[in-house]
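First the structure, in the form of structure tokens, and then the observations on it.
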Amino acid sequence: MSRRRTVILGAAGRDFHVFNTVFRQDPSREVVAFTAAQIPGIAGRRYPAALAGPLYPEGIPILPEEGLPDTLSRLSAEEVVFAYSDVPHEHVMHLASAALAAGADVRLCGPKGTMLDSRRPVVAVCAVRTGCGKSLVSREVAAFFRARGARVAVIRHPMPYGDLASQAAQRFATPADLDAARCTVEEREEYEPHIAAGGVVFSGVDMARVLAAAEAEADLLLWDGGNNDFPFLRPGLLLVLADARRPGHESAYHPGEATLRMADAVLLAKADTVAPEALARHTAALRALAPAAPVLPFASRPVLDDPAAVAGRRVLVIEDGPSLTHGGLPDGAAFAAARAAGAAEILDPRRFAAPRIAAVLAAHPHVGRALPAMGYAPEDLAAIAETIAASGADVVLSGTPADLSRLIASPVPMLRVRTAYADLSAPGLPGLLAGFAARAGL
């Protein structure tokens, strides 16, 4: 029997998980390629045979998504699976149209076939867009259960941008673990705050192996989601964040809308930054898509190390890279902190950006006066340092959760901006978590 030739469109995350859970052991299908998007430098590799299994003794090539019709024709593809996140619905259908025109069927793999079941209680923190504040909420959730004496394992949506075989199942408990794994800035942004709070983070390409390792150490698993994807684990409590600064996005992006429709509770971030009328309209829109889920507003407040060092100064702002790029935000916590501290000028990095940074800003014209903390490769870090040196800034405010001072030598004083969670309703998030703890016997 001939195997149905399948191409999986991805970005080094859900695509590999979909393959592992749906296709790896299916003798009726042959995945002839992954394609790569969103993340620079991941095309041109292979999904290794050690992970792909006995049906794929030579592994699977990872090709650029550009030129998809030609790729599908050359590979005689019969089926295309879309498997990445935080893109407009229209983007998904444009790729689907290209696949249909090439003669292939189009498929989305949903939660039923891709979520793994755990023998531990699972809380999942997800969002309708990148940059809503999942990491902040995840830390609040972890702290709540640790205060009750529970052993919490954080399982992070995978970001396998390096050697895939060595990233099959990873455990991070110290900064040295991050260094040893050569983690990118994007990985450090997610892992470092949990480690600093005394937590242990698990991640990797083979989520079944990751899950087994985490279950062996924990009473509760916390799924810390990526982008606006739905979880890889089946949660007992699914918290989904929306962003008060981006009304309407909850129904315009894939798979964020699906994630929202699955929510047990919706947390509306940055609710203190918009007018009450706008907040009411946004809340009504969220309830229309998730009518059974309570909507809990909260504030994400920037906390600056030394506001006096910013007042009256020329400031360069650095923000979390993915939130600005495919997340679509113009700026973030560092920009807000600079304004609140009375900066004389917030510099526009386009005027002095290193070529590598300038290319990112040109590709994302919506970005305001903020430098994306791109850090997928060592060259990105060098470009950030070069941009800082050319800026003429008196001080740099870094709003990324990663400690950039450990990774680059800045010729300008660098201050960190963190965010603090604050409920704007009662009983808020603690009340929600207490109810789940009682049901789960924690």
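The values are calculated or read from the model by the stated rules, or taken from the named source; none is laboratory data. Please read these numbers as outputs of a predicted model, since none were measured by experiment. Methodologically, a virtual Cβ is constructed for each residue, glycine included, from the backbone with ideal geometry; neighbour enumeration extends over all protein chains shown. These area figures cover heavy atoms from the full protein model, side chains too; ligands, DNA and RNA do not enter into them. Shrake-Rupley method; radii C 1.70, N 1.55, O 1.52, S 1.80 Å.
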Candidate set: the range 31-48, residues that are open to solvent by 60 Å² or more (accessible area, probe 1.4 Å) and small (Gly, Ala, Ser); chosen: the one farthest from Gly13 (Cα to Cα): Gly44
Residue in the range 183-191 that is more than 14 Å from the chain's Cα centre (by Cα) and open to solvent by 10 Å² or more (accessible area, probe 1.4 Å) present: yes
Residue match in the range 372-391 (condition: more than 27 Å from Leu178 (Cα to Cα) and either buried (at least 24 other Cβ atoms within 10 Å of the Cβ) or touching a residue at least 12 places away in the same chain (Cβ under 8 Å) (or both)): yes
Flag if Val152 is among the aliphatic types (A, V, I, L, M) and closer than 18 Å to Pro322 by Cβ: no
1 or more residues within 23 Å of Ala244 (Cβ to Cβ) and open to solvent by less than 20 Å² (accessible area, probe 1.4 Å): qualifying strands (runs of 3 or more DSSP E) within the range 49-148: 122-127
Test: Gly328 is open to solvent by 30 Å² or more (accessible area, probe 1.4 Å), of a type in the set (Gly, Ala, Ser), in a loop (DSSP other than H, G, I, E, B) and closer than 27 Å to Asp229 by Cα: yes
Any chance Leu316 is farther than 25 Å from Val125 by Cα, in contact with a Leu (Cβ under 8 Å, 6 or more places away or on another chain) and either of a type outside the set (Ser, Thr, Tyr) or open to solvent by less than 20 Å² (accessible area, probe 1.4 Å) (or both): yes
Enumeration of residues in the range 17-67 that are among the aliphatic types (A, V, I, L, M) and closer than 18 Å to Met207 by Cα: Val18, Val22, Ala49, Ala50, Leu51, Ala52
Any hit, the range 218-229, residues being assigned to a loop (DSSP other than H, G, I, E, B), among the aliphatic types (A, V, I, L, M), modelled with pLDDT under 95 and closer than 27 Å to Val18 by Cα: no
Residues satisfying the stated conditions in the range 289-310, i.e. open to solvent by 30 Å² or more (accessible area, probe 1.4 Å), touching a residue at least 60 places away in the same chain (Cβ under 8 Å) and in a loop (DSSP other than H, G, I, E, B): Pro294, Asp305, Asp306
Test result for Glu66, acidic (Asp, Glu) and either over 30 Å from Arg356 (Cα atoms) or touching a residue at least 24 places away in the same chain (Cβ under 8 Å) (or both): no
Hits in the range 342-356 - residues which are open to solvent by 20 Å² or more (accessible area, probe 1.4 Å), in contact (Cβ under 8 Å) with a residue 24 or more places away in the chain and either in a loop (DSSP other than H, G, I, E, B) or over 22 Å from Pro40 (Cβ atoms) (or both): Gly342, Ala343, Ala344, Glu345, Phe352, Ala353
Top-ranked residue in the range 270-288 [being part of a helix (DSSP H, G or I) and open to solvent by less than 30 Å² (accessible area, probe 1.4 Å); ranked as nearest to Asp331 (Cα to Cα)]: Ala271
Condition met for Ala258 (open to solvent by 10 Å² or more (accessible area, probe 1.4 Å), out of contact with any Ser or Thr (no Cβ under 9 Å at 6 or more places or on another chain), assigned to a helix (DSSP H, G or I) and under 21 Å from Pro158 (Cβ atoms)): yes
Residue match in the range 126-148 (condition: of a type outside the set (Asp, Glu) and free of Cβ contacts under 8 Å to residues at least 40 places away in the same chain): yes
Extreme residue, surrounded by the fewest Cβ atoms within 10 Å (Cβ to Cβ), among residues of the range 359-371 that are assigned to a loop (DSSP other than H, G, I, E, B) and in contact (Cβ under 8 Å) with a residue 12 or more places away in the chain: His366
Residue list for the range 6-33, filter: in a strand (DSSP E or B) and touching a Lys or Arg at 6+ places or on another chain (Cβ under 8 Å): Thr6, Arg29, Glu30, Val32
